[in-house]
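Chemist: Here's a structure for you.
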Amino acid sequence: MTSFPLRVWRAALLHADTYEEVEADRSSIGQATVVIVAACVAIGAGHWIQTGVAELPANQRLFQLALLILEPLVLWIGGSAFSFMVGATFFKGPETETDFLEVLRTTGFAFGPSLLRVLAFVQPPMVGLGIDIAARLWVTVAVVIAVRQALDFTTLRAIGTYGVASVLLWLLLWGLYITPLPF
């Protein structure tokens, strides 16, 4: 069994065999959760350092920080749930045998590149933004590979599953955003 830091590194380098290892190791859900928590902290720290001199009211700054910190967690759980639902039903292939926790474990490790988002504060601002965008794109590719391995798909099916799951998650979050609160 590969050590945890090496597993995160190999997953970030898009090694399919690492995602297979994580998929098969039921105890790796804790490690996947650690990756997500670390991503939340990295994003929060990068944003806090970046906006340290921002002329925003404190409550607005804290609200933005809270949303950014929760982003990986919401994307992980929601994206994994929709990927599992879509992949195990609509895009199911002949070899597809999976459960939700397998998808959750593999996609959790796919968030490893999010740790780079702590560098969003790097000056000049375009460099920090470039690091942030590159990390987001890297995570997207890693999640597609994680979905492919967890659902025993072709890459094309994994891209379709990820795309449909992303749209469904976006629609859910948008619906929650525009729905007025009952009180």
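Chemist: Which of the following values of Cα extents along the principal axes in Å was calculated from the structure shown: [x] 55, 44, 28; [y] 67, 35, 26; [z] 57, 31, 30?
Modeler: Given [x] 55, 44, 28; [y] 67, 35, 26; [z] 57, 31, 30, the calculated one carries the label [x].
Chemist: Then there's this: Mean residue ellipticity at 222 nm from the helices of the chain, using -39,500 (n - 2.57) per DSSP H segment of n ≥ 4 over the full residue count, to the nearest 500 deg cm²/dmol? Working shown, then result.
Modeler: Details: 7 runs with 132 residues, N = 183.
Rounded to the nearest 500, the figure is -24500 deg cm²/dmol.
Chemist: Note the angle between two axes, namely the Cα long axis of helix 155-178 and the longest principal axis of the Cα atoms of the chain, as a number of degrees from 0 to 90, rounded to the nearest 10.
Modeler: Relative to the chain, helix 155-178 is tipped by roughly 40 degrees.
Chemist: If you don't mind, another one. Hey, what angle do you get for helix 100-109 against the long axis of the chain, alpha-carbon based, 0 to 90 degrees rounded to 10?
Modeler: Approximately 50 degrees, to the nearest 10.
Chemist: A further question follows. Hey, can you rank 142-152, 162-172 by average C-beta count inside 10 Å, highest first? Spell out each step's value before the answer.
Modeler: Working: 142-152: 25.4, 162-172: 16.4.
Ranking the peptides 142-152, 162-172 by packing returns 142-152, 162-172.
Chemist: With everything on Cα atoms, drop me the angle between helix 125-151 and the longest principal axis of the chain, reported from 0 to 90° to the nearest 10.
Modeler: Approximately 20 degrees, to the nearest 10.
Chemist: Can you tell me, using C-alpha contacts under 8 Å and at least 6 residues apart, the relative contact order of the chain as a whole percent?
Modeler: 30
Chemist: What whole number of Å gives the distance from the Cα centroid of the range 1-40 to the Cα centroid of the range 143-168?
Modeler: When both Cα centres are located, 18 Å separates them.
Chemist: Sort E21, E71, E95 so the one with the fewest other Cβ atoms within 10 Å of its own Cβ comes first. Display every interim value, and only then the final one.
Modeler: Numbers: E21 20, E71 16, E95 10.
Starting with the residue having the fewest Cβ neighbours, the order is E95, E71, E21.
Chemist: So for each of 100-108, 113-121, 62-70, 82-90 I average, over its residues, the number of other beta carbons within 10 Å; can you give me the resulting order with the highest mean first? Write down the numbers at each step before the final one.
Modeler: Working: 100-108: 24.4, 113-121: 22.0, 62-70: 14.0, 82-90: 19.9.
Ranked from most to least packed, the peptides come out as 100-108, 113-121, 82-90, 62-70.
Computed from the coordinates by the stated procedures, all read-outs in this text should not be read as laboratory data. What you are looking at is a predicted structure, and each value in this text was computed from that prediction instead of being measured. Neighbour counts run over all protein chains shown; Cβ positions are idealised from the backbone, glycine included.
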